[in-house]
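Asks: Below you'll find the structure I mean.
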Amino acid sequence: LVLNPWDVVLCVTGTVISCENAVVVVVIFYTPAFRAPTFLLIGSLAAADLLAGLGLILHFAFVYLVPSEVLRLVTVGLLVTSFTASVSGLLAITIDRYLSLCNALTYYSEKTVTRTYVMLVLTWGTSVCYGLLPIAGWNCLKEPSACSIVKPLMKNHLIILSVSFFMVFAAMLQLYLQICRIVCRHAQQIAVQRHFLPSSHDVATRKGIATLAVILGTFASCWLPFAVFGLLGDHRSPPLYTHLTLLPATSSSVLNPLIYAFRHQDIQKVLWTLCCGCFSSSMPFRSRS
């Protein structure tokens, strides 16, 4: 078989994704301090992205080394499951951030832990169901005209996934708008109580809003092209367009640990400790959300 350069790029991307997110999963799993709801959600996101990276590597291996329709369906099912869990995980983190601001006094309670586990079960349960569809027979191997831009996914299957993405994006947009309002209101109240200058209040508010804009903008720029093309394209669409929209979507799993994990100060402390060779089972700092 002749190597497709795009498949090589996706395999390399999968390797980077796997390495990045494996670090996050190991750090969160082996650090007892990281049992707060926020870290559970970050760990779930990293696990989903890790599976996505492994899925890209396996897809390359099964296409060029062990060609098999069954293995191809299993790999596609793994990719659908992992990327769906990744996108859903971003929504779960957004919900957690919103609730931590709205219910600041009751956030550190047993109710929050229960709610977090419910979100994790819903996230992975829905994702696994989506991923099992191609393996269960909803694929286009015997009906090429029903294929989507991503073979062997059915056109209707990809439409459902694309519509689900738009629903998640709309929910995240609404929640982040609410978060911006809450942050602005809290900053203004603090400025009035402590007699801060308006300029310092404005700078802090703009910085917070800019951070939220980067998070939402990154998510949209990664997934919107593929979701739109998934709705408009079909089996006759040029493969080049599929790869041009699929690569940014997979890049989301490269950026997620940089945005949600490695920027967190407590995770940074553990990573620095690991780099210095002084890792211990109990960390001396208190976890924050």
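Asks: Residue by residue through region 225-238, note down the ones that are touching a residue at least 12 places away in the same chain (Cβ under 8 Å) and assigned to a helix (DSSP H, G or I).
Replies: Across region 225-238, the qualifying residues are 225, 226, 227, 228, 229, 230, 231.
Asks: Now a separate question. Of the residues 123, 211, 218, which is at pLDDT below 90, surrounded by 12 or more Cβ atoms within 10 Å (Cβ to Cβ) and among the β-branched types (Val, Ile, Thr)?
Replies: 211 is the lone residue from the list that is at pLDDT below 90, surrounded by 12 or more Cβ atoms within 10 Å (Cβ to Cβ) and among the β-branched types (Val, Ile, Thr).
Asks: Quick one: would you say residue 27 is at pLDDT below 95, not in a helix (DSSP H, G or I) and not basic (Lys, Arg)? Show your work before the answer.
Replies: Values: at pLDDT below 95: yes; not in a helix (DSSP H, G or I): no; not basic (Lys, Arg): yes.
Spelling it out, it is not the case that residue 27 is at pLDDT below 95, not in a helix (DSSP H, G or I) and not basic (Lys, Arg).
Asks: State the number of residues belonging to region 36-88 that are more than 17 Å from residue 259 (Cα to Cα) and hydroxyl-bearing (Ser, Thr, Tyr).
Replies: Going through region 36-88 one residue at a time, the tally reaches 6.
Asks: Okay, next question. Go through region 134-149 and give me each residue that's among the aliphatic types (A, V, I, L, M), surrounded by fewer than 21 Cβ atoms within 10 Å (Cβ to Cβ) and in contact (Cβ under 8 Å) with a residue 40 or more places away in the chain.
Replies: 135, 141, 146
Asks: Restricting to region 14-33, what's the tally of residues that are touching a residue at least 60 places away in the same chain (Cβ under 8 Å) and either surrounded by fewer than 20 Cβ atoms within 10 Å (Cβ to Cβ) or of a type outside the set (Val, Ile, Thr) (or both)?
Replies: Result for region 14-33: 8.
Asks: Turning to a different aspect of this structure: Got a sec? Which of 249, 227 is over 30 Å from residue 35 (Cβ atoms), touching a Cys at 6+ places or on another chain (Cβ under 9 Å) and of a type in the set (A, V, I, L, M)?
Replies: Details: 227 fails: touching a Cys at 6+ places or on another chain (Cβ under 9 Å).
The unique qualifying residue is 249.
Asks: Next question. Being exposed (fewer than 14 other Cβ atoms within 10 Å of the Cβ) and under 17 Å from residue 152 (Cβ atoms) narrows it down to one residue among 68, 109; which is it?
Replies: On inspection, the qualifying residue turns out to be 68.
The values are calculated or read from the model by the stated rules, or taken from the named source; none is laboratory data. Just so it is clear, the model here is predicted, and its values are computed rather than measured. Neighbour counts are summed over all protein chains in view; Cβ atoms, including those assigned to glycine, are modelled from backbone coordinates with ideal geometry.
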